[in-house]
Structures are given as C-alpha cells and as structure tokens.
Amino acid sequence: QVQLVESGGGLVQAGGSLRLSCVASGSIFSLMAMGWYRQTPGKQRELVATINSAGSTNYANSVKGRFFISRDNAKNTLYLRMNSLKPEDTAVYYCKANLGLREFWGKGTLVTVSS
C-alpha cells in the first residue's frame with residue numbers, strides 16, 4: 001500500500017503561483033508513474049499532468065506552458081509548479097501513483113484562484 005499526502009494548496013489571486021507537493025510512503029517511489037489530477041464540484045476528475053519513472057511528462061492542453069510537473073525520487077516527492085493561475089484552475093488537486101495495474105490516490109488539496 002502506498003500513501004500519498006498532498007500539500008501546498010491555498011488561496012491565490014489570478015496571475016499568481018503556487019507549488020503543490022505530494023509525499024509518498026514506502027521505498028518504490030522511483031518506480032511509479034505519478035500524476036496530478038483536479039476536480040471541481042459536479043465535474044469529473046481530470047488529468048492535469050503526469051510524469052513517468054523515466055521523467056517524461058505530459059500535460060493537459062489547458063495548463064501547458066503554465067504548469068510544470070517534477071519529481072524528486074530522493075525525497076519521495078512529486079511537485080506541481082503552477083504559474084499564471086486563472087480562476088478556472090480552482091479545484092481540488094489530487095496526486096496519483098501508478099505501479100503496474102495498481103493505482104493510489106491522495107486525499108487532495110484545495111486550490112482557489114480569485115479574480
């Protein structure tokens with residue numbers, strides 16, 4: 001079992017920046033594909049960005065050029081740097097880990113962007 005704990009959410013004005021962190025338990029972090037997802041009330045959870053064990057990244061079109069995903073395997077930590085935030089980025093952001101067919105989710109951190 002892998003436990004994921006997100007942090008770094010909060011209230012920020014439009015145009016501002018935040019950095020989210022996700023700390024994973026255990027010793028297999030470097031083997032896992034990781035991702036950030038977000039969800040707003042009444043909508044499905046959507047992919048924001050992913051990074052595989054080799055460091056290759058993928059982004060949703062809506063965040064390309066503004067958000068940057070990275071990982072520090074020595075610290076078992078996943079990051080999401082969010083720049084030029086918009087009100088439509090307001091959501092609960094979740095960290096996900098994949099190991100083979102197994103997936104693990106954190107409980108989320110709320111990001112609110114005011115206009």
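The values are calculated or read from the model by the stated rules, or taken from the named source; none is laboratory data. None of the values given here were measured: they were computed from a predicted structure. Note: areas computed on protein heavy atoms with side chains; ligands, DNA, RNA excluded. Shrake-Rupley method; radii C 1.70, N 1.55, O 1.52, S 1.80 Å.
Counting every pair of alpha carbons in segment 1-74, the share spaced more than 14 Å apart comes to 67 percent. Counting heavy atoms of the protein chains alone, TYR59 has an accessible area of about 50 Å² for a 1.4 Å probe. For the chain, a Gaussian network of Cα nodes joined below 10 Å ranks LYS75, LYS43, LYS96 by mean-square fluctuation, and the top entry is LYS43.
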